[in-house]
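To start, the structure under review is shown below, and the notes come after it.
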Amino acid sequence: MSWHFMMYTPEQNERGAMADLVILELAKARQRVKRAESALRRAKEMLDEDCGVGINLALCGRIRAAQRRVIEARERLTKIDPSAL
């Protein structure tokens, strides 16, 4: 049995590497969105627990920051792939 290896031109190798990079960036962007959404959900759940005014104020700041991270993560994802969301 003989093995046949395909020879790729440098241009073909570059396209393959670029496709791999895009796939990697998409995966990382999706992961950022999911992490930001999880952090936001956890902060909102904690706010639902009655922990006192001081804790609630801190959680409100945490929620606003998490909301910003969700928006930013979604924007990055849509820059890579507009149909991703």
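Checking Arg74 against (1) without any contact (Cβ under 8 Å) to a residue 40 or more places away in the chain; (2) closer than 21 Å to Arg30 by Cβ, only one condition comes out false. Which one?
Single failed check for Arg74: (1).
Within the set of pairs 6 or more residues apart or between chains, which connect a residue that is under 12 Å from Leu85 (Cα atoms) and of a type in the set (D, E, K, R) inside region 21-38 to a residue that is at pLDDT below 95 and not in a helix (DSSP H, G or I) with Cβ atoms less than 9 Å apart?
Arg30/Ala84
The values are calculated or read from the model by the stated rules, or taken from the named source; none is laboratory data. Keep in mind that what you see is a predicted model, and the values were worked out from it rather than measured. Cβ coordinates were reconstructed from backbone atoms using ideal geometry, including for glycine residues, and neighbour counts include every protein chain displayed.
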